1. Quick check: is even one residue across region 56-66 out of contact with any helix residue (DSSP H, G or I) (no Cβ under 8 Å at 6 or more places or on another chain), within 14 Å of the ligand (Cβ to nearest atom) and either among the β-branched types (V, I, T) or open to solvent by less than 50 Å² (accessible area, probe 1.4 Å) (or both)?
2. Checking the condition acidic (D, E), within 14 Å of the chain's Cα centre (by Cα) and at negative phi, which residue from E189, E148, E228 passes?
3. How many residues are away from the ligand (no atom under 14 Å from the Cβ) and either part of a helix (DSSP H, G or I) or open to solvent by 40 Å² or more (accessible area, probe 1.4 Å) (or both) if we restrict to region 40-50?
4. For region 196-209, indicate whether the set of residues that are crowded, with 19+ Cβ neighbours inside 10 Å, away from the ligand (no atom under 16 Å from the Cβ) and β-branched (V, I, T) is non-empty.
5. Out of the residues in region 149-191 that are in a loop (DSSP other than H, G, I, E, B) and more than 22 Å from H67 (Cα to Cα), state the one that is most open to solvent (accessible area, probe 1.4 Å).
6. Output the qualifying pairs, or none if there are none: Cβ atoms under 9 angstrom, residues six or more apart or on different chains, first residue in region 194-207 and among the β-branched types (V, I, T), second residue near the ligand (Cβ under 9 Å from one of its atoms).
7. Taking region 139-148 only, how many residues are open to solvent by less than 50 Å² (accessible area, probe 1.4 Å) and either farther than 13 Å from L198 by Cα or assigned to a strand (DSSP E or B) (or both)?
Amino acid sequence: MGNDNSRRDFIKKSAILTIAGAGMRLSGNNLFAADGDAFSLPALPYPHEALEPYIDSQTMQIHHGKHHKAYVDNLNKAVKEAKLENIKLEDLMKDVSKYPVAVRNNGGGHYNHSLFWKLMSPAGGGEPAGKVLQTINASFGSFSAMQEKFNAAASSRFGSGWAWLVLKDGKLIIGSTANQDNPLMDVSELKGKPVLALDVWEHAYYLKYQNKRADYVNAFWSVVNWGEVSKLM
Ligand code: MN3
C-alpha cells in the first residue's frame, strides 16, 4: 500500500513538474530539464478532438504529436551542437541571425506552435470584448475589418508560413511570415509582440480542407481563444 501511494505521488509530482517545465520553457527558463533536454513538448490544453468540427482530431494528433515534437527534438539537437543550451527561447529568437539555420527553423517551430495551441479553445470563437476589442477598433476601425485583413494575410502567404496579429507601440498590426519565422526574430520584417497566430502550413489543414485554405482560415475564427489574446496584450 505504502509503495503504491509513494509511486502514485511520484507520478503525480513528475506530471506536475513536466507541465511546469513546459510552461517555464516557453517563458525561457532552462532550469526545468525534462529528460535532460532543454526544451519539451507542452501538453495540449484540450483533447485532440476538442476543436472539431473546425480542426479535426487526426490533424491535431499529427500536428502536435509529430510536427511540433520534431521541432522540439531538432531544436534540442541544434542548441546542443551549437552550445546554446543556456539561452532562453525568446533570446534565441531575438538574435536568430547569429545562430545556425536549424535554430531559426526549429526554435521558431517550437515557439509558434506552443503559442498556437493556447490561442485556440473549444470554448473560443465569437468576438472579443474590453481592451482587446478597443485596441482592434482603434487599429483597424472594426472587428470585421481586422478579420478581413487577417484573412488576406493568411490566404496570400505563398507556400508555408504564419499569419499574425502583432502588438507594436500600443497598436495592432497584421502580417505574415514565411516558414517558421515569427515577429520576435531579428530576420523578420514584421516585428512586435505576437497576440494571435495562425499556422497556414498545409500540415495544419490539408487532411480536412485539402487545397481550400480559405475555409480553414474561416473555421479558425470559431475557435479563437480571445481570453488568451487578452492575456498576451
Ligand atoms: Mn504547424
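1. To start, the set of residues in region 56-66 that are out of contact with any helix residue (DSSP H, G or I) (no Cβ under 8 Å at 6 or more places or on another chain) comprises 65-66.
Add one more test, that the residue is within 14 Å of the ligand (Cβ to nearest atom), and what stays is 65-66.
Next, from what is left, pick out any that are either among the β-branched types (V, I, T) or open to solvent by less than 50 Å² (accessible area, probe 1.4 Å) (or both): 65.
Within region 56-66, one or more residues are out of contact with any helix residue (DSSP H, G or I) (no Cβ under 8 Å at 6 or more places or on another chain), within 14 Å of the ligand (Cβ to nearest atom) and either among the β-branched types (V, I, T) or open to solvent by less than 50 Å² (accessible area, probe 1.4 Å) (or both).
2. Numbers: E189 fails: within 14 Å of the chain's Cα centre (by Cα); E148 fails: within 14 Å of the chain's Cα centre (by Cα).
Result of the check over E189, E148, E228: E228.
3. 6
4. no
5. In the first step, residues of region 149-191 are kept if they are in a loop (DSSP other than H, G, I, E, B); the result is 157-160, 169-170, 179-191.
Now narrow it down to the ones that are more than 22 Å from H67 (Cα to Cα): 169-170, 186-191.
Working: D169: 145, G170: 60, D186: 57, V187: 58, S188: 8, E189: 191, L190: 24, K191: 82 Å².
Among residues in region 149-191 that are in a loop (DSSP other than H, G, I, E, B) and more than 22 Å from H67 (Cα to Cα), the one most open to solvent (accessible area, probe 1.4 Å) is E189.
6. V200/S160; V200/W162
7. Start the filter on region 139-148 by keeping residues that are open to solvent by less than 50 Å² (accessible area, probe 1.4 Å), which leaves 139-140, 142-143, 145-147.
This time we only want the ones that are either farther than 13 Å from L198 by Cα or assigned to a strand (DSSP E or B) (or both), so: 139-140, 142-143, 145-146.
Matching residues across region 139-148 total 6.
The values are calculated or read from the model by the stated rules, or taken from the named source; none is laboratory data. Quick caveat: nothing in here was measured; it's all calculated off a predicted structure. Note that each Cβ is placed from the backbone with ideal geometry, even for glycine, and that neighbours are counted across all protein chains shown. Please note that ligands, DNA and RNA were not included when accessible areas were found on the heavy atoms of the full protein model with its side chains. Shrake-Rupley method; radii C 1.70, N 1.55, O 1.52, S 1.80 Å.
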